[in-house]
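Before any comments, here is the structure.
The values are calculated or read from the model by the stated rules, or taken from the named source; none is laboratory data. Since this is a predicted model, take the numbers as computed values, not measurements. Neighbour counts run over all protein chains shown; Cβ positions are idealised from the backbone, glycine included.
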Amino acid sequence: MAIDTARILSGWTTLHDDVRGAVIGLGNFDGVHKGHRAVLARAQVIAQSLNTRWGAAVFTPHPRQWFAPDAAPFRLSSDAQRAHILWMLGADPIVHLPFDAHLSAMEPEVFVKTVLVDGLGVRGVVTGADFCFGKGRAGNADTLAHLATRYGFAYHALEPIMDDARAGEGEKVSSSMIREALREGDPRLARTLMGRPFTIEGLVDHGDKRGRLLGFPTANIALGDYVRPKFGVYAVHVYHPDRERPLIGVANLGARPTVNGTQERLEVHVFDFEDDLYDLTLQVALLDFIRPEQKFDGLEALKAQIAQDCAQARALLERR
């Protein structure tokens, strides 16, 4: 289903009447994981009971990026990916709330009246139970429940979704848990918690073409603001904009120590594919971790290891 970009909006001050009056899932929704999806599903149920549409309002940039611009990259999805996933789940409209000095300084009641009531005209709001908002994170779910009564809209705070995928004990599904799984080299756990594979989207640049010289041409993609999973080799699915089914391949994520690399990036070798990928935007889903990044004694040793990595990746992907 193609995304209707006219329903992806920025700001709350100039919205048309056909956008206002929805039940809104409100939050950051980075990665749109299982917990986020539960919030959105509840918004849909409330919207049906009120005979109105449901949508999502998300902060852009992520507040963490605003308050700590020099922090290590941590995003699980780009803004474009997040919007696409929300749209596929049925959210309409999707409103990006620009998180800046003005918004970050709003007191909780000012945010509710200015953004939610006067701006979005909400008929209902759903958040996680741990949602905080307003200047200094002074507002919480109790604050929002009180203000919802005052301003006449429905509100529901959803308790955390628990998952027992880690160590056999139920834990709250969270973006932090998913980042930890990726940093530990466990894309399978990340997929379980997200409900989909962790996927890096980016433009293929020209790189240094060293992979082609080794007999394994690669598509090179900058990592940007994405969280850094454990550096190493992964079996991957590659989503090409002109193909319905994913391509399969192997990817190295890291700084390439064998060739004294310094820039962190994703290098993807697509199996049985010879077309030009330069300047295309690809999505690369990390499915299985094969081995950590390591430095080899020369290019011949690296070439031999890449051949082994390809064989192992093919075997893993065939079993899928």
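Considering only residues that are among the small types (Gly, Ala, Ser) and free of Cβ contacts under 8 Å to residues at least 60 places away in the same chain, which ones fall in segment 13-54?
Filtering segment 13-54 for residues among the small types (Gly, Ala, Ser) gives 21-22, 25, 27, 31, 35, 38, 41, 43, 47, 49.
Within segment 13-54, 41, 49 qualify.
Considering segment 51-78 alone, what residues qualify as being among the aromatic types (Phe, Trp, Tyr) and surrounded by 17 or more Cβ atoms within 10 Å (Cβ to Cβ)? 54, 59, 74, listed by residue number.
The condition (being within 14 Å of residue 27 (Cβ to Cβ), assigned to a loop (DSSP other than H, G, I, E, B) and within 18 Å of the chain's Cα centre (by Cα)) is satisfied by just one residue among 91, 72: 91. How many residues does segment 1-12 contain that are in contact (Cβ under 8 Å) with a residue 24 or more places away in the chain and not in a loop (DSSP other than H, G, I, E, B)? Within segment 1-12, residues that are in contact (Cβ under 8 Å) with a residue 24 or more places away in the chain and not in a loop (DSSP other than H, G, I, E, B) number 4.
Would you confirm whether any residue within segment 22-44 is over 15 Å from the mean Cα position of the chain (by Cα), in a loop (DSSP other than H, G, I, E, B) and acidic (Asp, Glu)?
Let us first name the residues in segment 22-44 that are over 15 Å from the mean Cα position of the chain (by Cα), namely 22-26, 38-44.
With the extra rule that they be in a loop (DSSP other than H, G, I, E, B), the set shrinks to 22.
Still in the list and also acidic (Asp, Glu): none.
No, segment 22-44 contains no residue that is over 15 Å from the mean Cα position of the chain (by Cα), in a loop (DSSP other than H, G, I, E, B) and acidic (Asp, Glu).
Of all positions in segment 122-130, at least one carries a residue that is surrounded by 15 or more Cβ atoms within 10 Å (Cβ to Cβ), in a loop (DSSP other than H, G, I, E, B), touching a Leu at 6+ places or on another chain (Cβ under 9 Å) and of a type in the set (D, E, K, R). Residue-level check: of (1) touching a strand residue (DSSP E or B) at 6+ places or on another chain (Cβ under 9 Å); (2) more than 30 Å from residue 195 (Cα to Cα); (3) surrounded by fewer than 11 Cβ atoms within 10 Å (Cβ to Cβ), residue 256 misses just (3). Pairs meeting the criteria (first residue in segment 99-123 and under 17 Å from residue 141 (Cβ atoms), second residue assigned to a loop (DSSP other than H, G, I, E, B) and basic (Lys, Arg), beta carbons under 9 Å, at least 6 apart or on different chains) are 122/20. Report whether or not residue 188 is part of a helix (DSSP H, G or I), modelled with pLDDT of 95 or more and surrounded by fewer than 17 Cβ atoms within 10 Å (Cβ to Cβ). When the stated conditions are applied, residue 188 passes them.
Is it fair to say residue 305 is assigned by TED's automatic domain parsing to the domain that holds residue 205, surrounded by 12 or more Cβ atoms within 10 Å (Cβ to Cβ) and more than 18 Å from residue 187 (Cα to Cα)? First the steps, then the outcome.
Numbers: assigned by TED's automatic domain parsing to the domain that holds residue 205: yes; surrounded by 12 or more Cβ atoms within 10 Å (Cβ to Cβ): yes; more than 18 Å from residue 187 (Cα to Cα): yes.
Yes, satisfied.
Close Cβ contacts (under 7 Å, 6 or more residues apart or on different chains) running from residues in segment 127-144 that are on the phi > 0 side of the Ramachandran plot to residues that are surrounded by fewer than 17 Cβ atoms within 10 Å (Cβ to Cβ) and modelled with pLDDT of 95 or more comprise 134/107.
Restricting segment 283-302 to residues that are modelled with pLDDT of 95 or more and not β-branched (Val, Ile, Thr), the residue that is surrounded by the most Cβ atoms within 10 Å (Cβ to Cβ) is 286. Scoring residue 216 on the criteria (1) over 23 Å from residue 31 (Cβ atoms); (2) in contact (Cβ under 8 Å) with a residue 24 or more places away in the chain; (3) of a type in the set (A, V, I, L, M, F, W, C); (4) not in a loop (DSSP other than H, G, I, E, B) leaves a single failure, condition (4). Of all the criteria given as (1) more than 25 Å from residue 157 (Cβ to Cβ); (2) surrounded by fewer than 17 Cβ atoms within 10 Å (Cβ to Cβ), the one not satisfied by residue 81 is (2).
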